[in-house]
1. Share of antiparallel DSSP beta bridges in the protein assembly as shown, in percent to the nearest 5?
2. Largest first and in whole Å, give the semi-axes of region B:7-149's equivalent ellipsoid, each being the square root of 5 times a Cα gyration tensor eigenvalue.
3. Go ahead and run the numbers for FRET between A:Ala67 and A:Ile34, Cβ-Cβ distance against an R0 of 35 Å, rounding to 0.05.
4. May I ask which of B:Lys65/B:Lys89; A:Lys35/B:Lys303; B:Lys10/B:Lys138; C:Lys27/C:Lys232; A:Lys31/B:Lys304 have a Cα-Cα span longer than 31 Å here?
5. Which trypsin sites (Lys or Arg not before Pro) from region C:190-238 combine a DSSP loop assignment with at most 16 other Cβ atoms within 10 Å?
6. Over chain C, what is the mean sequence separation of C-alpha contacts under 8 Å (at least six apart), divided by residue count, expressed as relative contact order in percent?
7. Return the average number of partner chain Cβ atoms within 10 angstrom of each residue Cβ along peptide C:233-240.
8. If the only charges are +1 at each Lys and Arg Cβ and -1 at each Asp and Glu Cβ, what is the size of the charge dipole of region C:55-97 around the Cα centre, to the nearest 20 debye?
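What follows is calculated from the coordinates using simple rules that are stated; it is not laboratory data. Since we're looking at a predicted model, the values are computed, not measured. Cβ sites come from the backbone with ideal geometry, for glycine too, and all protein chains shown count toward neighbours.
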Amino acid sequence: MILQALKNNKNENKKNITDGRRKSMWKEIGKRMIKDKPSLISFIFIVALILVSIFANFLIDVDLVTAQNGAERIQSPSFAHWFGTDLYGRDIFARVVYGSRVSLSIGIITVLISTSIGGLLGAVAAYFGGLLDDIIMRVTDVVLAIPEQLLAMCVVAAMGATPTSVIAALSIAVIPTRTRLVRSTVLGIVDTEYVEAARASGMGNIGIIVKEIMPNTLGPIIVVSTQGIASIMLTASSLSYLGVGIQPPTPEWGAIIFEAREFLRLAPYMCILPGLVIVVTALAFNLMGDGLRDALDPRLKD
Amino acid sequence: MKDELLKIEKLEVIYKTSEETVQAVNGIDIVLNKGETLGLVGETGAGKTTTALSIMRLLPERTGKVLSGNVTFEGENIFELSDEDMRMKIRGERIAMIFQDPMTALNPVMTVGDQISEAIYYHSEKTNAAGIAARVDKVLELVGISPSRKNEYPHQFSGGMKQRVVIAIALACEPVLLIADEPTTALDVTIQAQVLEMMGELRDRLGTAMIMITHDLGVVAQICDKVAVMYAGEIIESGNMEDIFVSKEHHPYTEGLFGAIPDLASEAKRLSPITGLMPDPSRLPQGCNFQERCSHCMEICTKKNPETYVNGTHKISCFLFKNKEDRGDGDEKK
Amino acid sequence: MYNAISCNIMLVGRFGGGVLVIKYVTKRLLLLIPILIGVAFLIFTIMEFTPGDPAVKILGIEAPQEAVEQLREQLGLNRPFAVRFFDYIYKIVTRLDFGMSWRTKNPVFMDIIPRIPVSATLAFLGIAFATLFGIPLGVLSAVKQYSKSDNVLRVVSTILVAVPTFWLAMLLILAFSSYLAWLPAGGVHSYVGYIMPVITCGGPYGSAILRITRSTMLEEIRQDYVRTARAKGVPNNIIIYKHALQNALLPVITTIGQNFGAILGGSVVAESVFSLPGIGSLVILGIKSKDTPTVIASVLLIAFFFAIVMLAVDLMYAFIDPRIKAKYFKAE
């Protein structure tokens, strides 16, 4: 009895210590992020963009996005139409703002799905090893043998060109990369002494995965996920542009440019400005990822 | 024979990062004569390696800075040499360095033979390939490695053998001064003794002067002629072997170092380690750097930097000995 | 002179066992077979879900019911999925028969063959372009860390990685075809036609290489062996190009290999934007016209190409790093 109580007490202490350390670690990371100007600006931009996309209907009239207006066709950017108007007289800026809902959700949801499924598969493969590991990794090899964009194109072709199927398609293509990343990170951790110590103190498999392994794989996963949002958005917009992704008139960023591509010479702003928005957004996610990586591992910086 | 080879005067080195400034070396003086071996002793972070890197001018470019002081080598001020002269005439040619960790000190994708011949090639332009190869063979034999292994890669060697390769690189151009930065720390105890013995032999054979950086007084006893004890960037005690190992007068820190050596002859049940930690070199205290851990700490120690008490070749920076000197206590000066 | 000699030693020492290399390559090629069958299975399954009746697609909507039924029987569409899949693989293995294109009614193989040179040229030039500017500039950026040129390179490469390939292609067309009229906006009647497509797929890819080269070089420069080399008086440029770069190449080559999929994806875009008759644009055509056999065969071919490149990357590893070579080719 006494021994048990002692042991509990000890565990309690240990937990408090590690929790405390983790908190201060995240605080430290936050501090370093704030110091790094590009990632701070990127972070603010991303938050602002997400807010704008959520509250788009309060900021801009939905009618501007869909209503065709023959009188205002193909107008250059002006004060009334910041990004100009398209072939049907729709305000391109309004379409881009509403398009951020589609484009951002594709990026973010795909990352969430692929990271959670891929992460789980990777952790399971690394932790249990053996046949399960073999099966998961061979399937991964097969999926990875097909370039991401091509695979996604095929899936969309089969499932129909809706945002949901684009998310599904990109998730299928991205899951294996996350599986591999998490598997190799976990493999590096499984053999460390602190996992051994946890096992020796009688912690179960699930406890070890949740308490010891997941927190320690979090760093690389967060970095890759942040930058993953950027690359997924780029791929999604490429699919739309090639005409095998989200179809107009849905105001997805790539689709907006797809519609405008015939007017590249006549009205370059129609392609350039929405494209610039894609670039800036992808850049923000990449820079934030860079900042996170440096903050998580300051050794790399100087 | 007492030719002065290396003279370090009032050397001060800092490491400056965006977050803090570390005072790594704070005004040290060292004199080394030809053929002599100096043991530079101290715990991790005392500034031993920084001192060595300053002599080679290999401090990390972005962060490490020499604030003041001079290093004179064979009459030339090292800090005034051009980069090209430094490379051609000093590094690898007249001063060579052996690094602490042989596991990482060798380039993993070059054969050991190539790595040794590089040292020769870049210092003697006129030597032909055959000449270089012959010298590589010779130096490999010198450190006890069969020349037939020169086409192998570092991963094919054991730790002790790797350190021999590192030593071979250092000796390839027969330097006048060899700086060995804890050459045996990363090795097994049995291998340590072998490597050390080999270094001693080579030094005697080649007449090379040596600075042996270590935290192990046993190593010092085995191979050195002179000792300097470093603490928090300062030399707190220096002298010849007798001063350090025979004399009864010591800086409290040196006393502590001896107390921390296991002694088979004595009956002591426990070692007496020095309590506490070295002060944070980015926030050194006022007065003596050792005050916090010193059992003899006096009021003056927290206010003024300790003065140096000189007794022949023996120097101690501590106020404990100030009074003796003032009183003209002749006992120790015989 | 010294360099030449040591180079010779390295070459002989490194690939001493030619037989072993051949053995290894054969083994890897054999291992490729199950992967490619897996790829075929995956794509075959995915495309199975494509809505619509292939027979109707081939014959047109107005075709009589009997004709459709007859064609379904003829194409074997009424057989179970597994049988059709094994039949597909069997025909590929025995007669290189990838089926008939539903769009052109030609054997798919015949549609693909003439398009291979275009895609291969584009991929090869793209990778060459990306490597040739990515690695040297990455080294420069690392060696002159925080200098003006480093800052410029960092900004440009960071932005280029975030640029959608199709948008980059459009900007290039706008600048060099529309305004300057230096380059044709499409087609490959001469090599000039490849310039913009190569920049399109090589630019972002090269920027990724530049970034990884920079960060690995920065890491390598701080390694102990670099300090050893400096301590023995090796000149700075030799330390950078011979010592540090050779070690940094491992992660760089990994990135080149892993991102090769991206260059293939990028070439689909480039082929489509610049209307190049390559395999990428064939895939797009196939998807848009729901020409499943063409899509499956093209994807298989691209996966095969991709796998070969990855094998080449692995072989390069062994060439650069003796430790890996020792693992692969144990007996020496």
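1. So the antiparallel bridges amount to about 65 percent of the total.
2. Those come to 31, 18, 16 Å.
3. Details: r = 43 Å, r/R0 = 1.23.
My answer for the efficiency is 0.20.
4. A:Lys35/B:Lys303; B:Lys10/B:Lys138; C:Lys27/C:Lys232; A:Lys31/B:Lys304
5. Working: sites: C:Arg211, C:Arg214, C:Arg222, C:Arg227, C:Arg230, C:Lys232; in loops: C:Arg222, C:Lys232.
Those that pass, being in a loop and sparsely packed, are C:Arg222.
6. 24 percent
7. Numbers: counts 18, 9, 5, 3, 0, 3, 2, 0.
That average works out to 5.
8. My answer is approximately 260 debye.
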